[in-house]
Amino acid sequence: MRQPTFRQLLLKHVAPPLKTFGFQYDESLKVGSARYGFKKHLVDDIEASILFQRTQYSDSDTPYGYGFTVELSRHRVDPSGQRHYRQYDGGFSMRLPRLIVDAYGLRLYSEPDYWWHASTSHEFKTALDDVISKLERYGIACLESQQFRYWISGGNQDEWNALQNMLDKIVLPSLSAVGYESEDDPIQFGNTERVRPQRHFKKPMQDDSYAFISFHPFADFHTPKENATGLQKRWLGVMIARKHSYDLNAETTSPDSVSFQGWLGPTSFSRSDVREMISETALWKYLAAALPLQLSVVVEKIKRDAIPILEEG
């Protein structure tokens, strides 16, 4: 029996679930046997696309033995059919694993530019099932939300280390006093010999769940080096979560009366204000030189509002 092609398996396993969200397979997005895509019209001249990109650029369309990744794009389409995401304020183009890190604060894969690999039909189907579940849970929501604007988490080495040092100095004493211990995230990106590890603060609850607090520096996807009178503006995200797991990166696919995760912004006063998806209103904006002062303000916000939200569930 002839082996099905990569394209045929996408049409069989991926096209049906994506169709329920309004995404259709589009042959115009095909690039040789290396890329296939689905697209959806959103509003006016804005559309979204989901692209399956393979590592192998050749005439071979075998689905096994080659890695693939998934890229999401929201862009404006001009009259000539050209797609623009940089020139559109709500536009972005990003791989799915990286989007989950940036928009939801979750490290679900070993690296932000993760590629799925399969050597057998079973492994390939398992990989596609994983992709579909992540698209349904995270990716499509970002593509379709007109309120979603892309923010890139992370930062350069010096600023990252400076943030971790300030967390030690300002945040750690206050959170330790109320039972939150600092620990390194189980999944680390980059060179941890030169860059201090990503970490979070965790506290066990009486019902065997855990409360988490973590800090994430962000840059604007469109204007990452925005200036204000010569001083660099910065953005900080504060993730809070309560989970029936000791792992901060465990997914809360079915939030209940206790488990949840989301971003604590300046105007978050209750659990309903803590949204899963990052937004500008959930970010703390400050000048780089004022990081110590901003962290002091954030700590007071955590003690006043976040801890009751986390511990009174």
Practice task
Report yes if some residue within the stretch 57-73 is within 16 Å of the chain's Cα centre (by Cα), closer than 24 Å to Glu276 by Cβ and in a loop (DSSP other than H, G, I, E, B); otherwise report no.
Solution key: no
Problem - Subset of the stretch 117-139 [open to solvent by 10 Å² or more (accessible area, probe 1.4 Å) and in contact with a Gly (Cβ under 9 Å, 6 or more places away or on another chain)] - result: His117, Ser119
Handout entry: the stretch 128-150: number of residues that are at pLDDT below 95 and among the small types (Gly, Ala, Ser)
Key = 1
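Residues checked against (1) among the aromatic types (Phe, Trp, Tyr); (2) under 23 Å from Phe148 (Cα atoms); (3) at pLDDT below 95; (4) open to solvent by 30 Å² or more (accessible area, probe 1.4 Å):
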residue	(1), (2), (3), (4)
Gln24	no, yes, no, yes
Val43	no, yes, yes, yes
Gln53	no, no, yes, yes
Gly65	no, no, yes, yes
Leu72	no, yes, no, no
His75	no, yes, yes, no
Asp78	no, yes, yes, yes
Gly91	no, yes, yes, no
Pro112	no, yes, yes, no
Exercise for the section: Name the single residue, out of those in the stretch 16-33 being assigned to a loop (DSSP other than H, G, I, E, B) and more than 25 Å from the chain's Cα centre (by Cα), that is farthest from Thr55 (Cα to Cα). Expected result: Gly32
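In the stretch 285-304, which residues are closer than 15 Å to Phe218 by Cα and touching a Phe, Trp or Tyr at 6+ places or on another chain (Cβ under 7 Å)? Full working, then the answer.
Taking the stretch 285-304 first, the residues closer than 15 Å to Phe218 by Cα are 285-288, 291, 294-295.
Residues satisfying the conditions are Lys285, Gln294.
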Problem - Only one of Arg35, Arg95 that is open to solvent by 10 Å² or more (accessible area, probe 1.4 Å), of a type in the set (Lys, Arg), free of Cβ contacts under 8 Å to residues at least 24 places away in the same chain and within 22 Å of His117 (Cα to Cα) - result: Arg35
Fill in the blank from the handout: Restricting attention to the stretch 173-187, the residues that are outside any helix (DSSP H, G or I), over 20 Å from Gly105 (Cα atoms) and open to solvent by less than 40 Å² (accessible area, probe 1.4 Å) number exactly 1
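The values are calculated or read from the model by the stated rules, or taken from the named source; none is laboratory data. Quick caveat: nothing in here was measured; it's all calculated off a predicted structure. In this analysis, Cβ positions are derived from the backbone assuming ideal geometry, glycine residues included, and neighbour counts consider all displayed protein chains. We work out accessible area using only protein heavy atoms, side chains counted, and drop any ligands, DNA or RNA first. Shrake-Rupley method; radii C 1.70, N 1.55, O 1.52, S 1.80 Å.
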